[in-house]
1. Give me a count of the residues in region 210-228 that are at pLDDT 95 or above and part of a helix (DSSP H, G or I).
2. Quick one: would you say residue 192 is farther than 25 Å from residue 48 by Cα and surrounded by fewer than 24 Cβ atoms within 10 Å (Cβ to Cβ)?
3. Is it true that some residue in region 3-13 is more than 15 Å from residue 138 (Cβ to Cβ), modelled with pLDDT of 90 or more, touching a strand residue (DSSP E or B) at 6+ places or on another chain (Cβ under 7 Å) and not hydroxyl-bearing (Ser, Thr, Tyr)?
4. Would you mind telling me which numbered condition in (1) buried (at least 18 other Cβ atoms within 10 Å of the Cβ); (2) closer than 17 Å to residue 246 by Cβ residue 162 fails?
5. Between residues in region 121-150 that are within 19 Å of residue 174 (Cα to Cα) and assigned to a helix (DSSP H, G or I) and residues that are hydrophobic (A, V, I, L, M, F, W, C) and modelled with pLDDT under 90, which pairs lie under 7 Å by C-beta distance while being six or more apart or on different chains?
6. Would you mind stating whether residue 196 is within 23 Å of residue 239 (Cβ to Cβ) and outside any loop (DSSP other than H, G, I, E, B)?
7. Please work out if residue 207 is among the polar types (S, T, N, Q) and not in a strand (DSSP E or B).
8. Within region 56-83, restricting attention to residues that are surrounded by 14 or more Cβ atoms within 10 Å (Cβ to Cβ) and part of a helix (DSSP H, G or I), which residue is farthest from the chain's Cα centre (by Cα)?
Amino acid sequence: MRHLAGALGIAFAASSWIGAASAQSTVYVPDVIELSGPGAVSGTNWRDGVALAVDEINNAGGILGRKIQTEHLDTQSNPGISRAQVQKVLDKEPYVVLGPIYSGSVKVNMALTQAAEIPQIVGAEAADITTQGNPWVFRTAFGQQFSMPKIANYLHDKLKVKTVAVLWVNNDFGKGGHDNFVKEMKARNIEVAADISTEQGQVDFGSDVIKLKGAKADAAFVYTNEEESARFLIEAKRQGLTTPLFARPRCSARRWSSSPAPPQMACAAMSACPPMRRCRRSRISRRSSARATSTGPTTTASRDTPRSISSNTSPKRSASSTARLLVPR
């Protein structure tokens, strides 16, 4: 939250669009996010962080004396509804659009903000979001093209695994992560012993856990959304799964380390945590596996990573200055 507040405050104050905002008494920053459906866990956390950041900025006097006005619009975790909500807020001439998180939703609505030349800050991880030359979209999380090599290095260099199983969710987020992960495994001569596709919103993971047990892999990489992850962990514990589990690099360690599952699940998530989150994760690591301490693979994996909010192009004019200013230092 502190970094989001700082990024918003600096970007708003220094961007060349401030002239337009100065003619108004408020700065409109809508939040289009998953508040219901499968993405509600991520979306409500995002919404709460935005609310905290906006309150912090407004309580400090706002942006050049002007308060931020925001509203939270529910995408229902549906790409079509997400697109409609983004069009709705664009009609109100926002200063910047926040959200959504789901990659599939971002892919269908980021063309709208690009056409309007309005910056959009998203939580999506799919690799191709920032490889399409759109200078107006920015991430708050690692793209899969950056995070998967680090997970792969951890499995190969630190754990010396020879075989791995991968369990992934069949949506835009999961497909992109799966493809990048499998590619990195092949490059390191690690055999994928089981490749298990699951569905968004899936409830029963009984057969999937049986497949993982039958694969007898050295490790299993789980790349699903938060709600499915919790259900999977419950089933894995129920069936007594002993395969070391490694989580998505979106840093779900806090939620997962408190669930009834082996501490290994939190380990890999920490190995790719962004530097801006390392301090909070180090507190988690003391309660989980010794392999996930802040002096271990976390520091090594994070040392050469790009900053958390990124665009891979050199945006024109105002977007370029915003890209530089949004990067937390």
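The values are calculated or read from the model by the stated rules, or taken from the named source; none is laboratory data. As the structure is a prediction and not an experimental result, all values here were calculated from the model. In this analysis, Cβ positions are derived from the backbone assuming ideal geometry, glycine residues included, and neighbour counts consider all displayed protein chains.
1. Result for region 210-228: 6.
2. Values: farther than 25 Å from residue 48 by Cα: yes; surrounded by fewer than 24 Cβ atoms within 10 Å (Cβ to Cβ): yes.
Yes.
3. To start, the set of residues in region 3-13 that are more than 15 Å from residue 138 (Cβ to Cβ) comprises 5, 9, 13.
When the remaining residues are screened for being modelled with pLDDT of 90 or more, the result is none.
Checking region 3-13: not a single residue is more than 15 Å from residue 138 (Cβ to Cβ), modelled with pLDDT of 90 or more, touching a strand residue (DSSP E or B) at 6+ places or on another chain (Cβ under 7 Å) and not hydroxyl-bearing (Ser, Thr, Tyr).
4. Unmet condition: (1).
5. 144/126; 144/127; 145/127; 147/272; 150/272; 150/301
6. Details: within 23 Å of residue 239 (Cβ to Cβ): yes; outside any loop (DSSP other than H, G, I, E, B): yes.
In short, yes.
7. Values: among the polar types (S, T, N, Q): yes; not in a strand (DSSP E or B): yes.
Criteria met by residue 207.
8. From region 56-83, those surrounded by 14 or more Cβ atoms within 10 Å (Cβ to Cβ) are 56-58, 62-63, 66-70, 72-79, 81-83; that's our starting set.
Still in the running and part of a helix (DSSP H, G or I): 56-58, 79, 81-83.
Details: 56: 23, 57: 23, 58: 26, 79: 17, 81: 20, 82: 17, 83: 19 Å.
Result: 58.
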